[in-house]
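Notes to accompany the following structure.
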């Protein structure tokens, strides 16, 4: 069964500190992994996808197939990073039909 | 800036009623997916339409149905509403296998 687990519902760090949002997945095959973000009063938007290997807003995520993880990291948190973050996967059909985790609410304290 | 819009923004229904939610896609997008997001949960995939045909369905009963029109706008219909159908309903449009763009959602409350 396809499943995405985000073990932390809430995460709070100080501005300037490193951030790591955890994501583990279960999928029998080669999934595509994504991170979506929802800022306050805004719609859900794509932050990054593993196949593009981009760094967006200072965030990176590495797909670790051995540990079935796709943790999101940023070396120095900024207050504008406060948001809801969702990890998601899709199958070979591509960026559609996403399976989401429960989400992690990240709060950056000044 | 994404052009995906949804209507209405919110509505209240009673158990047993039927509801239709609408989604207008960004120009050129031929795929639409619908998701249900219960409070405190991540979005759950309901179904997807590609070029007016259903192209995959999640674990939702048949009383959840949809349509995609030639202009690629879409409807989600839910019959015989239950209390557990109360949620935020999101549509997402895009080109097949490419990034999909989410709308702002319709918040449905079933009493």
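A compact table of results
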quantity	calculated
Extreme residue, nearest to the chain's Cα centre (by Cα), among residues of region B:31-45 that are more than 10 Å from residue B:88 (Cα to Cα) and more than 8 Å from chain A (Cβ to nearest Cβ)	B:34
Residue count for region B:80-109, restricted to those that are within 14 Å of the chain's Cα centre (by Cα) and assigned to a loop (DSSP other than H, G, I, E, B)	4
Members of region B:46-64 found to be over 10 Å from residue B:31 (Cα atoms) and under 10 Å from the mean Cα position of the chain (by Cα), listed by number	B:46, B:47, B:64
Among the residues listed as A:58, A:66, the single one being at pLDDT below 95, more than 18 Å from residue B:92 (Cβ to Cβ) and in contact with a strand residue (DSSP E or B) (Cβ under 7 Å, 6 or more places away or on another chain)	A:58
Wholly within region A:9-110, strands (runs of 3 or more DSSP E) carrying at least 3 residues that are touching a residue at least 40 places away in the same chain (Cβ under 8 Å) and within 11 Å of chain B (Cβ to nearest Cβ)	A:32-38, A:83-90
All positions within region B:1-60 that are buried (at least 19 other Cβ atoms within 10 Å of the Cβ) and in contact with a helix residue (DSSP H, G or I) (Cβ under 9 Å, 6 or more places away or on another chain)	B:36
Subset of region B:1-28 that is within 14 Å of chain A (Cβ to nearest Cβ) and assigned to a loop (DSSP other than H, G, I, E, B) - its residue that is modelled with the highest pLDDT	B:9
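The values are calculated or read from the model by the stated rules, or taken from the named source; none is laboratory data. Just so it is clear, the structure is predicted and the values come from calculations on it, not from any experiment. Neighbour counts are summed over all protein chains in view; Cβ atoms, including those assigned to glycine, are modelled from backbone coordinates with ideal geometry.
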